[in-house]
1. Ranked by Cβ crowding within 10 angstrom, fewest neighbours first, how are 94, 137 ordered?
2. Could you point to the label whose value was computed as percent of Cα pairs over 35 Å apart for the structure here, given (i) 30; (ii) 22; (iii) 46?
3. By how many degrees, between 0 and 90 and to the nearest 10, does the Cα long axis of helix 222-231 differ from the longest principal axis of the chain?
4. Expressed as an acute angle from 0 to 90° and rounded to the nearest 10, what is the orientation of the C-alpha long axis of helix 186-210 relative to the principal long axis of the chain?
5. For the modelled label position 7 Å from the Cα of residue 29 along Cα-to-Cβ, which residues of segment 207-244 have backbone nitrogen atoms closer than 19 Å?
6. Relative to the longest principal Cα axis of the chain, at what angle does helix 73-114 sit, 0 to 90 degrees, rounded to 10?
7. In whole angstrom, how far apart do the alpha carbon centroids of segment 45-61 and segment 165-238 sit?
8. Can you give me the Rg/Rh ratio for segment 75-137, using Cα atoms for both radii and the Kirkwood formula for Rh?
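Read-outs throughout are calculated quantities, based only on the coordinates presented, and are distinct from any laboratory measurement. These numbers come from a predicted model, not from an experiment. Here the Cβ positions follow ideal geometry from the backbone for every residue, glycine too, while neighbour counts run over all protein chains shown.
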């Protein structure tokens, strides 16, 4: 699991979407092999392999694969601090996620203006974008686990948005081309047809480029991520394996 820009706990895993300019694996060099579920009274990290497969943190107490781990008092303090600081990162990371959604909406508004769409088309586009944004924000608000984002769900959101909007935009541009041709402006008609034909391949890259503006907000999370990685260093499971809940490289 790579740690991405949208988050419930560390960062929800979103794979190369228009909602995420850069993920933490790139920006903060942070990775984890675990999924994470946040509940009111504990954190649960789980993975299929290697051991430990389950790590539960509860106010400094540690259980791995169902077995309680005896810790030194200073290690208990570090894990309790790890849990508190991770929970504190949740609203910050979610704020980045919501900002990413808002930036996407703004980018689509600007695309509509650039294409000089018919007012009715712009109204329909605004409604569709708003519906998709509300759906994604609701999913973010209700999610408490990275399991909620398996199967590249965020990538699916992005693909659905582009596939939903492309025909709408192409139809409008096609009508503009017809109108231009009827007035004798064949060069404008040809340009409009080319723009319509390129939408399927060009729209998403243009949106992704706009989302690069989100990068500083992602970068601002890096010190907190680095701090988490330091707090869990050296703590081992009941079987003696390093927990390695979060790894930060160079």
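1. Details: 94 20, 137 15.
Taking fewest neighbouring Cβ atoms as first place, the list is 137, 94.
2. (i)
3. Tilt of helix 222-231: around 20 degrees.
4. 10 degrees
5. Residues passing the 19 Å test: 216, 218-234, 244.
6. Helix 73-114 and the main axis of the chain meet at about 0 degrees.
7. Answer, in whole Å: 37.
8. Values: Rg = 19.0 Å, Rh = 14.2 Å.
My calculation puts Rg/Rh at 1.34.
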